[in-house]
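A.B. asks: Take a look at this one; I'll ask things after.
The values are calculated or read from the model by the stated rules, or taken from the named source; none is laboratory data. As the structure is a computational prediction, the values presented were derived from the model and not from experiment. Because the Cβ atoms are built from the backbone with ideal geometry, glycine has one as well, and the counts that use them run over all protein chains shown. Keep in mind that these areas ignore ligands, DNA and RNA; they rest on the heavy atoms of the full protein, side chains included. Shrake-Rupley method; radii C 1.70, N 1.55, O 1.52, S 1.80 Å.
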Amino acid sequence: MIPDTATNTKANFLRLLSYVKDRKIGLIVAIIGMIGYGAVDTLFVYSIKPLIDEGLSGKNPAVLTYMPIFVLGIVLLRGICGFASSYGMSWVGGHLVMKIQRQIFNHLMLMPVSFFDKNPTGTLISKITYDSNQVSTAATASLVNLVRESATIIGLLILMFYNSWQLSLIFFVIGPPVGYAINLVSRRFRKISTNLQHAVGNVTTTSEQMLNGHKEILSFGGQPKEEARFNSASNMIRRQQMKMATVSAIANPAVQFIASIGLSIVLFAASSPELVAELSPGTFTIIVTSMMMLLKPLRVITQLNNDVQRAMAACTSLFTVMDMDTETDTGSHVTKRAKGKINLENVEFKYPTKNEIVLKSINLNIEAGQTVALVGRSGSGKSTIAGLLPKFYEVQSGQVLLDDIPVQDYQLKNLREQFAQVSQTVHLFSGTIAENIGYANENASREEIERVAEMANVTSFIEKFEDGFDTVIGEKGVMLSGGQRQRIAIARALLKDAPVLILDEATSALDTESERKIQQAIDRVCSDRTAIVIAHRLSTIENADMIVVLDEGVVVEQGSHAELMANQGDYYQLHQIQFGEK
Ligand SMILES: Nc1ncnc2c1ncn2[C@@H]1O[C@H](COP(=O)(O)OP(=O)(O)OP(=O)(O)O)[C@@H](O)[C@H]1O
Ligand SMILES: [Mg+2]
């Protein structure tokens, strides 16, 4: 789990403001609307005095004739102010979510591979979907409530003091305890909000795992296990929400009770003969009405903390990720097209998530244009080496060089342009087959796509599809077989036409005939570029210029097929096991 670092409330608030800088107009309109709303409410209370003291008492009957128009006008005004504030805030809030979502999405794309080894996909998804919305809804709600209710409170207070400052002073008796209660509640809210976010992340992760692995669940009868996992994750959300509801349910009546003490004192004080003589019925009604009307904004302001804490917890979660370093890209070397010479010098490597050293002092010299095969037992470090070349991870010691220049000296984008990779686990994007192949090069023409598809033996199976190249495949190419997906991945890599081709078990899922056909195409392509081929099936790599045998992160043998067979070492052993029984 990512430890939260961006926890400074004030800094987060200012940072949040910077997101809506260019939406000032909406914000201003909304704030005017909110203040207007409070002012209208105050005006309404104010009108009680002339109504009672002049209109109803018969002193000035004209008041009663303009009162109906006044009421209509004031309700209309209130509606306009309400509209302005809702519309303005929705506009600003919508832009806020969009901006944050885009930023976090783009930031995640730039994170190093190791970041994704550490963080479950579900948690990251919930940051994009849930947390960014939390920021906006909660921040918007807090602002609306803060400004509108503060305006009402200020308006009513002015009105009260103007009419009877003695009675109004009582407000200050109840102020401090209310403030104290608010403060107490707010701390609790922030804690619960953070827990709630983690709980939502867990639910997303659990769901995602179930959706991705549902076949495994069916075949291994994992339903009870997954059900239990999800039950506990969803119960966690429910419990946190319940806690939040409890805290706010207790906070409300508590604040109201404190406030009602104030009201009782007013009523009590007003009964004293000196004050009764001084107060007109209208003034007294205004004070009591104001006090009653103050309860709602006071309550809303207590709940405000709920929203503020929710927004702050979400801000912390998002800003923490946004503040994390993206991949280091300090190199400046740029090459148009590398020759493809690759050297590993005393490379030692361990994954950031593990302590175990995966590669121990690897030395490897690959000349430009060579085809080199990496073989060895599962877990010996073959894919790890393939991942170090385009600098998906950084080595702990030693050097990885491309054309005699350390990979970290290259501009990252430029470095990766030099490698075309078919990785062990093929990922296809949702879209058509042509789009998937064309992913490697957006400028590729349809002819080029069809040419590489032919080479990778894709054409032979898509002929059966009604839409051919324009067949839409699912998020993970679900309606294709493993071998078909591999072939699309090979076509995609071929289209990239990079000086170094890395094939990690690229044909492992294919039948012998398809494999042979693709092998010929690959051999042709490899004749003018460097190729690193990882394979378990030794028959496919016999023609390689050099075969490197790895075992537990160490190069144990290297040479041509003939040399290694003559040596009768590890390679010979592997070969015997694969072909011996025949
Ligand atoms: N992303 C990762 N994070 C941590 N450890 C990893 C990661 N990927 C691989 N490893 C570990 O590194 C070691 C070497 O893995 P690697 O994938 O390089 O093996 P391999 O030779 O490609 O095996 P295979 O033939 O099964 O594909 C293994 O012990 C594995 O557990
Ligand atoms: Mg591997």
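A.B. asks: Quick check, is Ala544 open to solvent by less than 20 Å² (accessible area, probe 1.4 Å), farther than 20 Å from His427 by Cα, aliphatic (A, V, I, L, M) and away from ligand 2 (no atom under 16 Å from the Cβ)? Outline the logic, then answer.
C.D. replies: Details: open to solvent by less than 20 Å² (accessible area, probe 1.4 Å): yes; farther than 20 Å from His427 by Cα: yes; aliphatic (A, V, I, L, M): yes; away from ligand 2 (no atom under 16 Å from the Cβ): yes.
Here the answer is yes, as Ala544 does meet what is asked.
A.B. asks: If you don't mind, there's one more thing I want to ask. Tell me which residues, restricted to segment 458-504, are open to solvent by less than 10 Å² (accessible area, probe 1.4 Å) and in a loop (DSSP other than H, G, I, E, B).
C.D. replies: Val458, Gly477, Ala498, Pro499
A.B. asks: Check Ser271, Ser260 and return the single one that is among the polar types (S, T, N, Q), in the same structural domain as Thr140 (by TED's automatic domain parsing), out of contact with any Gly (no Cβ under 7 Å at 6 or more places or on another chain) and open to solvent by less than 60 Å² (accessible area, probe 1.4 Å).
C.D. replies: Ser260
A.B. asks: Scan segment 515-530 and tell me whether some residue there is closer than 24 Å to Leu401 by Cβ and of a type in the set (Val, Ile, Thr).
C.D. replies: We begin by selecting, within segment 515-530, every residue closer than 24 Å to Leu401 by Cβ; these are 525-530.
Now drop any that are not of a type in the set (Val, Ile, Thr), which leaves 525, 530.
Yes, the conditions are met somewhere in segment 515-530.
A.B. asks: Among Gly553, Gly559, which is on the phi > 0 side of the Ramachandran plot, open to solvent by less than 50 Å² (accessible area, probe 1.4 Å) and under 47 Å from the mean Cα position of the chain (by Cα)? Explain how you work it out, then say what you get.
C.D. replies: Details: Gly559 fails: under 47 Å from the mean Cα position of the chain (by Cα).
Exactly one of Gly553, Gly559 is on the phi > 0 side of the Ramachandran plot, open to solvent by less than 50 Å² (accessible area, probe 1.4 Å) and under 47 Å from the mean Cα position of the chain (by Cα), namely Gly553.
A.B. asks: Follow-up question, since we're still on this one. Out of curiosity, is Ser150 open to solvent by 30 Å² or more (accessible area, probe 1.4 Å), among the small types (Gly, Ala, Ser) and either assigned to a helix (DSSP H, G or I) or farther than 22 Å from Met292 by Cα (or both)? Spell out how you get there, then give the answer.
C.D. replies: Details: open to solvent by 30 Å² or more (accessible area, probe 1.4 Å): yes; among the small types (Gly, Ala, Ser): yes; either assigned to a helix (DSSP H, G or I) or farther than 22 Å from Met292 by Cα (or both): yes.
Yes; evaluated as a whole, the condition is true for this residue.
A.B. asks: I'd like to verify a number: residues in segment 500-538 that are within 16 Å of ligand 1 (Cβ to nearest atom), among the acidic types (Asp, Glu) and farther than 21 Å from Leu364 by Cβ, how many? Steps first, please.
C.D. replies: Let us first name the residues in segment 500-538 that are within 16 Å of ligand 1 (Cβ to nearest atom), namely 502-509, 532-538.
Checking which are among the acidic types (Asp, Glu) leaves us with 504-505.
Then drop every residue that is not farther than 21 Å from Leu364 by Cβ, which leaves none.
Qualifying residue count, segment 500-538: 0.
A.B. asks: Give the number of residues within segment 507-537 that are under 39 Å from the mean Cα position of the chain (by Cα), among the hydrophobic types (A, V, I, L, M, F, W, C) and over 12 Å from Asn457 (Cβ atoms).
C.D. replies: 6
A.B. asks: Could you pull out the residue among Arg190, Arg102 that is in the same structural domain as Gly36 (by TED's automatic domain parsing) and crowded, with 18+ Cβ neighbours inside 10 Å?
C.D. replies: Numbers: Arg102 fails: crowded, with 18+ Cβ neighbours inside 10 Å.
Arg190 is the lone residue from the list that is in the same structural domain as Gly36 (by TED's automatic domain parsing) and crowded, with 18+ Cβ neighbours inside 10 Å.
A.B. asks: Can I ask one more? Only one of (1) within 16 Å of ligand 2 (Cβ to nearest atom); (2) assigned by TED's automatic domain parsing to the domain that holds Ala386 is not met by Ala566, so which one is it?
C.D. replies: That leaves (1) as the condition not met.
A.B. asks: Here is a follow-up. Hey, among Ser164, Ser219, which residue is small (Gly, Ala, Ser) and open to solvent by 60 Å² or more (accessible area, probe 1.4 Å)?
C.D. replies: Numbers: Ser164 fails: open to solvent by 60 Å² or more (accessible area, probe 1.4 Å).
Going through Ser164, Ser219 in turn, the sole match is Ser219.
A.B. asks: Let me ask something additional. Hey, does segment 164-172 have a residue that's at pLDDT below 90 and under 35 Å from the mean Cα position of the chain (by Cα)?
C.D. replies: No: zero hits.
A.B. asks: Give the residue that is surrounded by the most Cβ atoms within 10 Å (Cβ to Cβ), with candidates limited to residues of segment 434-457 that are in a helix (DSSP H, G or I) and within 28 Å of the chain's Cα centre (by Cα). Give the derivation first.
C.D. replies: At the first step, the residues of segment 434-457 found to be in a helix (DSSP H, G or I) are 434-438, 446-455.
Going one step further and asking which of them are within 28 Å of the chain's Cα centre (by Cα), we end up with 435-438.
On the way: Glu435: 17, Asn436: 25, Ile437: 28, Gly438: 22.
Top of the filtered list is Ile437.
A.B. asks: Count, please, the residues in segment 573-582 that happen to be touching a Lys or Arg at 6+ places or on another chain (Cβ under 9 Å) and either open to solvent by 70 Å² or more (accessible area, probe 1.4 Å) or not in a helix (DSSP H, G or I) (or both). If you could, list the steps in order and put the result at the bottom.
C.D. replies: First, the residues of segment 573-582 that are touching a Lys or Arg at 6+ places or on another chain (Cβ under 9 Å): 574, 578.
Subset that is either open to solvent by 70 Å² or more (accessible area, probe 1.4 Å) or not in a helix (DSSP H, G or I) (or both): 578.
So the answer is 1.
A.B. asks: While we're looking at this one, here's another question. What single numbered condition from (1) more than 34 Å from the chain's Cα centre (by Cα); (2) away from ligand 2 (no atom under 16 Å from the Cβ); (3) within 25 Å of Asn457 (Cβ to Cβ) fails to hold for Leu401?
C.D. replies: It is condition (3) that Leu401 fails.
A.B. asks: Determine which single condition Pro253 fails, assuming it passes every other condition in (1) assigned to a helix (DSSP H, G or I); (2) touching a residue at least 40 places away in the same chain (Cβ under 8 Å).
C.D. replies: Result: Pro253 fails condition (2) only.
A.B. asks: While we're on this one: Could you go through segment 565-572 and let me know if any residue there is more than 16 Å from ligand 1 (Cβ to nearest atom), without any contact (Cβ under 8 Å) to a residue 40 or more places away in the chain, farther than 25 Å from Asn343 by Cα and buried (at least 17 other Cβ atoms within 10 Å of the Cβ).
C.D. replies: Within segment 565-572, none of the residues are more than 16 Å from ligand 1 (Cβ to nearest atom), without any contact (Cβ under 8 Å) to a residue 40 or more places away in the chain, farther than 25 Å from Asn343 by Cα and buried (at least 17 other Cβ atoms within 10 Å of the Cβ).
A.B. asks: For segment 40-88, give me the residue count where each residue is hydroxyl-bearing (Ser, Thr, Tyr), open to solvent by 50 Å² or more (accessible area, probe 1.4 Å) and more than 21 Å from Ile28 (Cα to Cα).
C.D. replies: In the first step, residues of segment 40-88 are kept if they are hydroxyl-bearing (Ser, Thr, Tyr); the result is 42, 46-47, 57, 65-66, 85-87.
Cutting the leftovers down to open to solvent by 50 Å² or more (accessible area, probe 1.4 Å) gives us 46, 57, 65-66, 86-87.
So of that shortlist, the ones also more than 21 Å from Ile28 (Cα to Cα) come out as 46, 57, 65-66.
Looking only at that region, the number is 4.
A.B. asks: Separate question: Taking only pairs six or more apart or across chains, which ones have beta-carbon atoms under 8 Å, a first residue in segment 55-73 that is assigned to a helix (DSSP H, G or I), and a second residue that is polar (S, T, N, Q)?
C.D. replies: Met67/Ser47; Phe70/Ser47
A.B. asks: For segment 196-211, state whether one or more residues are modelled with pLDDT under 85 and either within 18 Å of Thr129 (Cβ to Cβ) or crowded, with 19+ Cβ neighbours inside 10 Å (or both).
C.D. replies: Filtering segment 196-211 for residues modelled with pLDDT under 85 gives 197.
The next check asks that each one be either within 18 Å of Thr129 (Cβ to Cβ) or crowded, with 19+ Cβ neighbours inside 10 Å (or both); those that pass are 197.
Yes: one or more hits.
A.B. asks: If I filter segment 266-275 for residues that are polar (S, T, N, Q) and part of a helix (DSSP H, G or I), do I get at least one hit? Spell out how you get there, then give the answer.
C.D. replies: Quick first cut of segment 266-275, residues polar (S, T, N, Q) only: 271-272.
Subset that is part of a helix (DSSP H, G or I): none.
Among the residues of segment 266-275, not one is polar (S, T, N, Q) and part of a helix (DSSP H, G or I), which makes the answer no.
A.B. asks: Moving on. What residue, among those in segment 19-39 that are hydrophobic (A, V, I, L, M, F, W, C) and open to solvent by 40 Å² or more (accessible area, probe 1.4 Å), is farthest from the chain's Cα centre (by Cα)? Explain how you work it out, then say what you get.
C.D. replies: Residues of segment 19-39 hydrophobic (A, V, I, L, M, F, W, C): 20, 25, 27-32, 34-35, 39.
Subsequent filtering for residues that are open to solvent by 40 Å² or more (accessible area, probe 1.4 Å) retains 25, 28-29, 31-32, 35, 39.
Working: Ile25: 28, Ile28: 30, Val29: 31, Ile31: 30, Ile32: 33, Ile35: 35, Ala39: 40 Å.
Filtering segment 19-39 for residues that are hydrophobic (A, V, I, L, M, F, W, C) and open to solvent by 40 Å² or more (accessible area, probe 1.4 Å), the one farthest from the chain's Cα centre (by Cα) comes out as Ala39.
A.B. asks: Please list, ordered by first then second residue, the pairs with beta carbon atoms under 8 Å, 6 or more apart or interchain, first in segment 478-498 and among the hydroxyl-bearing types (Ser, Thr, Tyr), second assigned to a loop (DSSP other than H, G, I, E, B).
C.D. replies: Filtered contacts from segment 478-498: Ser481/Ala509.
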